[in-house]
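Input: a single structure, listed below in structure tokens.
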Ligand code: NAD
Ligand code: MG
């Protein structure tokens, strides 16, 4: 094995970020090797990935999926199969592991992301929900364990690239006055509130520029994704809410910008393909070939900008209000959103019910200081319970029933 070869654990390997991560890793067999893969229950996809990458471990969410995977791997195959939180914890804390790609979707990713930070690993953070819920704990763990947090969310990756290396934790002290988070505006950028009432899950998931998992696609349509990213930016770069502006940029070519006290604005540009940010994380501080088509600015021709409309997209306002409220408000906002998005994808509520469920949940859960993981998990559980009870109260017929 080459001396500088990095061993990588990919959490959420069968998802959109996971598959893109393996695509980049496969381009660099001399520098990168898969140590472990983890996924929820997609045994077919995990089996194919095990055969292709021959990891030391594969972790499934539960025992049934693990048993099925074990049965389907060839006899005597190199990969050992584990399951559950303990399996995840083992593959992020193992001494041999250098890099952890945290790409599980939703709050389910928090314990393993936190464990990777506490183990002092190079943490490639895609799972934004873990930072939104437990930002205080996660950033503290990164500092105390000397972990290296490299943001994979394209906006935060862009900001990271536009700030000098020694100033990531304290950009304000080094002349950064603001960050400008760009947002595509999603598939409903031009839709009226009335049109959004009848939006279907497939319409919400049809993102104009990015191909992503279904949960983040709905978040992008509601602008909650930008709201979660607003919170994420405050945590990663230690910024006050008033230092983060959201700018709608429909072409998704500028991935975000950093404004300095002297009037300079630095931007990172590229085609909308997550492999750029993933390769940046996997190679840091070197640059790696990612497979992304080079940007053709002449063919792009236009870069447009507009202000976000928080009346049509209240989720952005709710996320901003949560970060201002502080404490467990962000965990509550995130949990209520996860419940509401799942209900929308199941066609139980309308698209426009999502912010209503979040707002009412935020009104009903007491906000406390997020001192430990169990305090955060309690807030998450309480918010989910209230959000579920609100779903039952929603009187609208589901879109599937209403459509003719
Ligand atoms: P996805 O739905 O495509 O994939 C999710 C992955 O997580 C799957 O492999 C699934 O099996 C796994 N998973 C889910 N629950 C799990 C559990 N309890 N235990 C173990 N594995 C579990 O999602 P995605 O689009 O790849 O997004 C992943 C994360 O990255 C999200 O937090 C998202 O916000 C963030 N992100 C995604 C993109 C993107 O382009 N897709 C961009 C920026 C940030
Ligand atoms: Mg993003």
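A short reminder: the numbers here are calculations on the coordinates, not readings from a lab. Remember, it's a predicted structure, so these values are computed and weren't measured experimentally. Every residue, glycine as well, gets a Cβ built from its backbone with ideal geometry; the counts of neighbours run over all protein chains shown.
Put in order of Cβ neighbour count within 10 Å, fewest first, the listed residues 287, 118 become 287, 118. Have a look at 286, 347, 85 and tell me which one the Gaussian network model of the chain (Cα, springs below 10 Å) gives the largest fluctuation. Among 286, 347, 85, the largest mean-square fluctuation in the Gaussian network model of the chain belongs to 286.
Each part gets one Cα centre, and for region 95-145 versus region 4-53 those centres are 18 Å apart. Taking the chain as a Gaussian network of alpha-carbon nodes connected by springs under 10 Å, the highest mean-square fluctuation of the residues 294, 355, 201 belongs to 294. Could you tell me whether the chain comes out rounded, prolate or oblate from its Cα gyration tensor? Rule is a ≥ b ≥ c as square roots of the eigenvalues, rounded for a/c under 1.5, then prolate if a/b exceeds b/c, otherwise oblate. Verdict is rounded for the chain. Listed by Cβ neighbour count within 10 Å, with the fewest neighbours leading, 297, 123 appear as 297, 123. Residues 311, 200, 276 in ascending order of nearby Cβ atoms (within 10 Å, fewest first): 311, 200, 276.
The antiparallel fraction among DSSP beta bridges confined to the chain stands at about 25%.
Build a GNM of the chain with springs between Cα atoms under 10 Å apart, and of 204, 299, 48 the one that fluctuates most is 299.
Our summary gives the chain a relative contact order of 14 percent, counting only alpha carbon pairs under 8 angstrom and 6 or more residues apart. One compactness figure for region 213-363 is 1.16, namely its Cα radius of gyration divided by 2.2 N^0.38 Å. For region 151-184 versus region 251-301, the spacing of their alpha-carbon centroids is 12 Å. Taking each DSSP H run with n ≥ 4 as -39500 (n - 2.57) and averaging over every residue of the chain yields -14000 deg cm²/dmol at 222 nm.
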